[in-house]
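Structure first, commentary second.
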Amino acid sequence: MALFQPIDDVLIALLLLMLLSRALGLLFKRVRISPIAGEVLGGVLLSPLILGLLSEQGSIGTPELITFSEFAIIVIMFHSGLHTDFSSFRQQKWTSIIIGALGVVASFALIFALSYWVFGMQLETALFLGAILSNSAIEVSSAMLANTKYDKLRTIVVGASFIDDILAVFVLGVVLSFVKTTPGILLPVFGEIDGIASSILSLGWTSLKVLAFLLLTFYILSKLSHKVFDRFVGRGFEVLLSVGFLFALTLGIFARAVGLHEVIGVYLAGLILSQWGVMPDPMLTRGIAWMKFKESFTNMMEALFSPIFFGVVGLLLGSNLVNDGGDSVLYIIIGVLAFSFFAFMGKIVGCGAGARIKKIAPSGALLIGVAMGGRGALEFILIKSGLKEGLLSPDEFSIIIIVTLMTILITPILYSITQKVKEKDLDDTDL
């Protein structure tokens, strides 16, 4: 099926990924679609599915490229935390909390039910899929609503996406550290426990562990780290950049040490730094340093790490689709259609219900639910991790990658159609 023989040289593989994924990402960005979709498409084009220039057995199977893509995960997650909008959240705090929370609950419930009872997946896989598809991508909603005439809607959606991220990190932390056996620390108290009782005990213990980690880092460590960051503001921008990234790596290692995924710690590090950057600053020195920090880190991430990581995701997707047989292709098609529908409905139902609780008009509630439908960088990172850890089969990996891409591509279209249909019934005062 491939047009060319695979290339084994790592530098040439990096060159091709950078060239094609970055170019397509910029092209998608120009038409107001998340560049992530273009970068993944670049990897698919280079994979055995189409051109065959790179393959899982050749270029993307080399330790160098795999290591680079794994490091890119750290950079992208840190970047996601850095770009959390605290100011938007404060403006509509309670509305955002209710909408974001119900959106996560409804999406998790629908995706878990579909995975576990309809597709017959393992409990761990169903929990994992429910967790990763319950999140809304703040980068997708922010870009889509950048020029909307409904200022209040943009504020609510961005704020709800912030809550969405926090809750998704909590759910993911619980799921990724969930085990079926009794946690060792509890053995002296409960002894050996099997079956449902063991699962419930493990779930409760890991929930407490994740909650304690979030509280410790976000409410205690953040106050200490803010004072440390302040000390480095006047010592040069490069020093602050190094300190910030070292902080992210340290928190990632700490998260892994307590049994969580390292990306949770890295994301929280970006979140803490983002909170520090918008703190009141009469002399404006912090604000200036923060803007330079965020801009430089964003440029580095977008120009280098993002096209490499998402390009590798596209290569894996293309390789999996080539290796699947006819039955798997039909399974993937059915899975994509079912999971895409439930992914959108989870946000429309959950976020829409939250909006109605806050007395937002039905048209506004529908528009908010549609706007929250996009998934993004966090999903791709965790899907790749799920494949690596054995939580996802190649077929399941392909399904969820395609579903995530479809939410990125379809959400702006659905939002535009919904806005046109409901425009006569909707005013910013209705939100």
> Going by the structure shown, is ASP427 at pLDDT below 85, out of contact with any His (no Cβ under 9 Å at 6 or more places or on another chain) and surrounded by fewer than 24 Cβ atoms within 10 Å (Cβ to Cβ)?
Replying inline: yes
> Just one of PHE213, PHE247 is modelled with pLDDT under 85 and in a helix (DSSP H, G or I); which is it?
Replying inline: PHE213
> Mind checking which residues of the range 354-369 are aliphatic (A, V, I, L, M) and surrounded by fewer than 24 Cβ atoms within 10 Å (Cβ to Cβ)?
Replying inline: ILE357, ILE360, ALA361, ALA365, LEU366
> Taking only pairs six or more apart or across chains, which ones have beta-carbon atoms under 6 Å, a first residue in the range 94-114 that is within 12 Å of PHE342 (Cα to Cα), and a second residue that is modelled with pLDDT under 95 and surrounded by fewer than 23 Cβ atoms within 10 Å (Cβ to Cβ)?
Replying inline: PHE112/ALA126
>> Take residues that are out of contact with any Asp or Glu (no Cβ under 7 Å at 6 or more places or on another chain), closer than 24 Å to LEU391 by Cβ and modelled with pLDDT under 80 and tell me which of the helices (runs of 4 or more DSSP H) falling wholly in the range 28-132 contain 1 or more.
In response: 63-82
> Do the conditions hold for GLU139, that is, is it part of a helix (DSSP H, G or I), within 26 Å of ALA109 (Cα to Cα) and modelled with pLDDT under 75?
Replying inline: yes
> Regarding GLY369, is this residue assigned to a loop (DSSP other than H, G, I, E, B) and either under 24 Å from PHE162 (Cβ atoms) or touching a strand residue (DSSP E or B) at 6+ places or on another chain (Cβ under 6 Å) (or both)?
Replying inline: no
> Take the residues of the range 336-353 that are within 22 Å of LEU382 (Cα to Cα) and either in contact with a Phe, Trp or Tyr (Cβ under 7 Å, 6 or more places away or on another chain) or among the aliphatic types (A, V, I, L, M) (or both): which is surrounded by the most Cβ atoms within 10 Å (Cβ to Cβ)?
Replying inline: ALA343
> Mind checking which residues of the range 361-402 are over 17 Å from GLN122 (Cβ atoms), in contact with a Leu (Cβ under 7 Å, 6 or more places away or on another chain) and β-branched (Val, Ile, Thr)?
Replying inline: ILE368, VAL370, ILE401
>> Pairs please, first residue from the range 18-37 and among the charged types (D, E, K, R), second anywhere and buried (at least 23 other Cβ atoms within 10 Å of the Cβ), Cβ atoms under 6 Å, 6+ apart in sequence or on different chains.
In response: ARG22/PRO307; LYS29/PRO35
>> Please verify whether ALA343 is modelled with pLDDT of 90 or more and over 16 Å from PHE112 (Cβ atoms), treating the condition exactly as stated.
In response: no
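Test PHE170 against the stated conditions and say whether it is touching a Phe, Trp or Tyr at 6+ places or on another chain (Cβ under 6 Å) and part of a helix (DSSP H, G or I).
Answer is no for this residue.
The values are calculated or read from the model by the stated rules, or taken from the named source; none is laboratory data. Just so you know, these numbers come straight off a predicted model, no measurement behind them. Note that we place each Cβ from the backbone using ideal geometry, even for glycine, and neighbour counts take in every protein chain shown.
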